[in-house]
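The values are calculated or read from the model by the stated rules, or taken from the named source; none is laboratory data. Everything quoted here is computed from the prediction, not taken from an experiment. For neighbour counting, all protein chains shown are included, and Cβ atoms are generated from backbone atoms with ideal geometry for every residue, glycine included.
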Amino acid sequence: MTRARGKLIVISAPSGCGKTTITRALLRRNPQYTFSVSATTRPRRRNEVYGKHYFFLTEEEFRRAIEKNELVEWETIYGDYYGTLKSVVDEALENGKVLLFDIDVNGGLSIKKHYPDDTVLIFIEPPGIEDLKKRLRRRNTEGSEQFKRRIERVPMELEKGKSFDYSVVNADLDKAIDEVDKIVQKEIYSVTN
Ligand code: 5GP
């Protein structure tokens, strides 16, 4: 099916709720979808590829992109800049692509504000705060400072998640992937544009 205009699907969640895993699973199941590659100043992790996972920029390059109005939205998260490039979004919309975003709640709300008719916001919830803490502790990429920073954002994230179009509880990863997959299919196939 070719769409006249693309669709923007934002998947947001507190850190540790599995949104990156869910986004990647959706892209594997639906290779016709496109991942929205963000810009960031955070250091590249092992296995991450420039232009595939992120456009890794210096702070100076990022600030220049802000000044030149090249970003739809940007946030500082855990001390680094993250932002969505206008060029990525506009290209996808013009070419009828389904663009998947793995971005934070504030970024998601900004995308919706800029492209209200094109955007679907999906929030991934943890089954509970204690479960989320357990998941974050299990990640060994974070030291205790990072853990604290991530936990501190959770109440704000849960509150903002309430205004998303859909909410999916990730108690069982496979079920959550199925549910998100169905929501996206419903959204992209039921609307004719
Ligand atoms: P990480 O460093 O773990 O890849 O991402 C940290 C947080 O930044 C995650 O919540 C991720 O979804 C979010 N993020 C990634 N790209 C963007 C973006 O372009 N805009 C916003 N607002 N958040 C982003």
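Take the conditions (1) loosely packed, with under 13 Cβ neighbours inside 10 Å; (2) within 12 Å of the ligand (Cβ to nearest atom); Glu130 misses just one of them, which is (2).
Just to be sure, is Lys160 within 16 Å of the ligand (Cβ to nearest atom) and modelled with pLDDT of 95 or more? Against the criterion (within 16 Å of the ligand (Cβ to nearest atom) and modelled with pLDDT of 95 or more), Lys160 qualifies.
The residues of region 63-73 that are away from the ligand (no atom under 11 Å from the Cβ) and either at pLDDT below 95 or of a type outside the set (Val, Ile, Thr) (or both), listed by number, are Arg63, Arg64, Ala65, Glu67, Lys68, Asn69, Glu70. Scanning region 92-118 for residues that are under 20 Å from Asn30 (Cβ atoms) and either assigned to a loop (DSSP other than H, G, I, E, B) or of a type in the set (Gly, Ala, Ser) (or both) gives Ala92, Asn95, Gly96, Lys97, Ile103, Gly108, Asp118. Only a single criterion out of (1) within 11 Å of the ligand (Cβ to nearest atom); (2) out of contact with any Leu (no Cβ under 8 Å at 6 or more places or on another chain); (3) outside any strand (DSSP E or B) is not satisfied by Tyr82, namely (3).
Would it be correct to say that Thr76 is without any contact (Cβ under 8 Å) to a residue 12 or more places away in the chain and within 22 Å of Lys148 (Cα to Cα)? When the stated conditions are applied, Thr76 passes them.
Answer yes or no as to whether Leu121 is crowded, with 19+ Cβ neighbours inside 10 Å, assigned to a strand (DSSP E or B), under 19 Å from the mean Cα position of the chain (by Cα) and not small (Gly, Ala, Ser). Answer is yes for this residue.
Quick one: which of Arg64, Arg42, Arg29 is over 29 Å from Ile188 (Cβ atoms) and either in contact with an Asp or Glu (Cβ under 8 Å, 6 or more places away or on another chain) or among the β-branched types (Val, Ile, Thr) (or both)?
The match here is Arg42.
Scanning region 150-193 for residues that are of a type in the set (Lys, Arg) and surrounded by 15 or more Cβ atoms within 10 Å (Cβ to Cβ) gives Arg150, Arg153, Lys160. Against the condition of a type in the set (A, V, I, L, M), more than 10 Å from the ligand (Cβ to nearest atom), outside any helix (DSSP H, G or I) and over 20 Å from Leu173 (Cα atoms), how does Ala4 come out, does it pass? In short, yes.
There is no residue in region 30-53 that is out of contact with any Lys or Arg (no Cβ under 6 Å at 6 or more places or on another chain), more than 15 Å from the ligand (Cβ to nearest atom) and either part of a helix (DSSP H, G or I) or under 22 Å from Gln146 (Cβ atoms) (or both). The residue that is farthest from the chain's Cα centre (by Cα), counting only those in region 57-79 that are in a strand (DSSP E or B) and of a type outside the set (Val, Ile, Thr), is Leu71.
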